[in-house]
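Student: So that we are looking at the same thing, I have put the structure below in structure tokens.
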Amino acid sequence: MLNKINDLVEKVQQFHADSAESIEQFRLKFLSKKGEISLLFDEFRNVPAEMKKQVGVEINRLKQLAQQKYDEATQQIENIVSDSDKHDLTRPGEAFEMGTRHPISLVKNEIIDIFSRIGFTVAEGPEVEDDWHVFSAMNFPLEHPARDMQDTFFVEKASNNEPNPHDILLRTHTSSVQSRIMEKRQPPIRMIFPGRVFRNEAISARAHCIFHQVEGLYVAENVSFADLKQTLLYFSKEMFGPDTKIRLRPSYFPFTEPSAEMDVSCTICGGKGCNICKGTGWLEILGCGMVDPNVLENCGIDSKKYTGFAFGMGVERIAMLKYQVRDLRLYFENDIRFLRQFKSAY
Ligand code: DAH
């Protein structure tokens, strides 16, 4: 008798409900009045007295198990049925929302597009760079403050305190791609280098430790400052509208001589003065200049034969002006309600 009970326990355990019908069969076989378990109770009468206790316990255990299996299976099948009731086949479909490009990508792509129309091709360089390409080759004196730990994220310092061209760091500007490219190829070079840059700065509405730049470089015979100015005027008009004016103010960068910063006439007030341009009528958008002959020589280009110009602009800065977004952090938080507002051809 005990063997028989064990056999049935095994069968009950193996039962797997795949339809309402199989559950009903299970019920008939085990739990109905004429089912296996009822028969066991009938036979129980003939069990010798000394075995009754043990057999009784086992039969009850089997009965509970079968009942539990049955309840679970019924519950499961009811869930499936009520789920399919929820599918209203006549309900209209839901429209898929199209993704949009990130505003920083939109502006970056537009910059690339504008320069590609006048023959600039695109290259990229590594974000983890060595000191040589970011600073030394770009004519930064060893004691230049931009090499200071405050500005630069170092990955690996070659020696304890002294700056060293072998230091490994996160590039602080895309000017590093200038040296990478010029080491590899001879003029004419007419290229732009978009990319991410990193600076050890506290995050605020106006500054972020990661941002994007687009660098420009044109090296050939007889490239002049007038070429630089005309190129940037063309860019500004394409980017901000045909009435845009530019102005160049003398400045200093180690890698250009002479150097300048460029302002565009305020995109909001058109030059009359407003709170965006702080009443000046002008907005600063980039740094530029003639490539310093030292930079050309550091990269193996004959500075007697070739001259060049370079410029570098912040993509976030241009995006802020274009979209009137005052807080830089919005570009990094990726709040879908912010991103949804940007739809464009780029
Ligand atoms: N690298 C400069 C910066 O990050 C920007 C810059 C200025 C780039 C002048 C240039 C340049 O190519 O000629 O602030």
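The numbers here are math on the coordinates, done by the rules we state, and not lab data. Please read these numbers as outputs of a predicted model, since none were measured by experiment. Every residue, glycine as well, gets a Cβ built from its backbone with ideal geometry; the counts of neighbours run over all protein chains shown.
Student: Please find, in a Gaussian network model of the chain (springs between Cα atoms separated by less than 10 Å), the residue of 104, 59, 336 whose mean-square fluctuation is greatest.
Tutor: Of 104, 59, 336, the Gaussian network model singles out 59 as fluctuating most.
Student: Pop the C-beta distance of residue 127 and residue 274 into the FRET formula with R0 = 51 Å and round what comes out to the nearest 0.05. Don't jump to the answer; show the numbers that get you there.
Tutor: Values: r = 37 Å, r/R0 = 0.72.
Given R0 = 51 Å and the Cβ-Cβ separation, E is 0.90.
Student: Computed over the Cα atoms of the stretch 2-84, what is the ratio Rg over Rh, Rh following Kirkwood?
Tutor: My calculation puts Rg/Rh at 1.07.
Student: For the chain, give me every cysteine whose Cβ has no other Cys Cβ within less than 4.7 Å, ordered by residue number.
Tutor: 209, 288, 299
Student: Count charges around residue 281 for me, please; just the other residues with Cβ under 14 Å from its Cβ, Lys/Arg as +1, Asp/Glu as -1.
Tutor: +2
Student: Now, a different point. Applying the Karplus parametrisation 6.51 cos²θ - 1.76 cosθ + 1.60 with θ = phi - 60° to the phi angles of the stretch 194-206, what ³J(HN,Hα) value in whole Hz is obtained for each residue in order, glycine and proline being reported as x?
Tutor: x, x, 8, 10, 9, 9, 6, 10, 5, 7, 8, 5, 10
Student: While we're here: Would you mind checking which residues have amide H under 5 Å from residue 212's amide H? H placed 1.01 Å from N; only 5 or more apart, or other chain.
Tutor: Long-range HN contacts for residue 212: 197, 315, 316.
Student: Sticking with this structure for a sec: For residue 29, which lysines qualify as cross-link partners when the Cα separation must be under 20 Å and same-chain residues fewer than eight apart are set aside?
Tutor: 4, 11, 63, 69
Student: Could you give the spread of the C-alpha atoms of the stretch 217-282 along their three principal axes, from largest to smallest, in whole angstroms?
Tutor: If we take the Cα atoms of the stretch 217-282, the spans are 41, 25, 14 Å.
Student: If you don't mind, another one. Can you give the FRET efficiency to the nearest 0.05 for residue 13 and residue 51, using r as the Cβ-Cβ distance and R₀ = 25 Å? Working shown, then result.
Tutor: Working: r = 24 Å, r/R0 = 0.95.
Computed FRET efficiency for residue 13 and residue 51: 0.60.
Student: Name the shape class, rounded, prolate or oblate, that the alpha-carbon gyration tensor gives for the stretch 192-307, where a ≥ b ≥ c are the square roots of its eigenvalues, rounded holds for a/c under 1.5, and otherwise prolate holds if a/b is larger than b/c and oblate otherwise.
Tutor: It is oblate, given that a/c is not under 1.5 and a/b is not larger than b/c.
Student: Starting from the amide H of residue 273, placed 1.01 Å from N in the peptide plane, find each other amide H under 5 Å away whose residue is 5 or more places distant or on another chain.
Tutor: Here the answer is 281, since their amide H atoms fall under 5 Å of that of residue 273.
Student: Through the Karplus equation 6.51 cos²θ - 1.76 cosθ + 1.60, θ set to phi - 60°, convert the phi angles of the stretch 218-227 into ³J(HN,Hα) values in whole Hz; use x for Gly and Pro.
Tutor: Per residue, the Karplus-derived 3J(HN,Hα) values read 9, 10, 6, 7, 6, 6, 10, 4, 5, 4 Hz.
Student: Here's something else I'd like to know. Explain nothing, just compute: Karplus ³J(HN,Hα) = 6.51 cos²θ - 1.76 cosθ + 1.60, θ = phi - 60°, for every residue of the stretch 335-341 in order, whole Hz, x for Gly and Pro.
Tutor: 3J(HN,Hα) across the stretch 335-341, in whole Hz: 5, 4, 5, 6, 5, 4, 7.
Student: Right, next: Would you order 327, 263 from fewest to most other beta-carbon atoms within 10 Å of each residue's own beta-carbon?
Tutor: Lowest count first: 327, 263.
Student: Still on this structure, I have one more. What's the whole-number percent of alpha carbon pairs in the chain lying beyond 38 angstrom?
Tutor: 45 percent
Student: Still on this model: Using a Gaussian network model on the chain with a 10 Å cutoff between Cα atoms, which of 300, 35, 99 fluctuates the most?
Tutor: 35
Student: Another one. Using Cα springs under 10 Å in a Gaussian network model of the chain, which residue among 244, 90, 100 shows the largest mean-square fluctuation?
Tutor: Of 244, 90, 100, the Gaussian network model singles out 90 as fluctuating most.
Student: Taking other Cβ within 10 Å of each residue's Cβ, how do 36, 316, 183 sort, fewest first?
Tutor: Ranked by crowding around the Cβ, least crowded first: 183, 36, 316.
Student: If amide H atoms are built 1.01 Å from N in the plane of the peptide, which residues on other chains or at least 5 residues away come under 5 Å of the amide H of residue 285?
Tutor: 262, 263, 264
Student: Here is a further query. Taking neighbour Cβ counts within 10 Å as the exposure measure, how do 302, 292 sort from fewest upward?
Tutor: By the 10 Å Cβ count, ascending: 302, 292.
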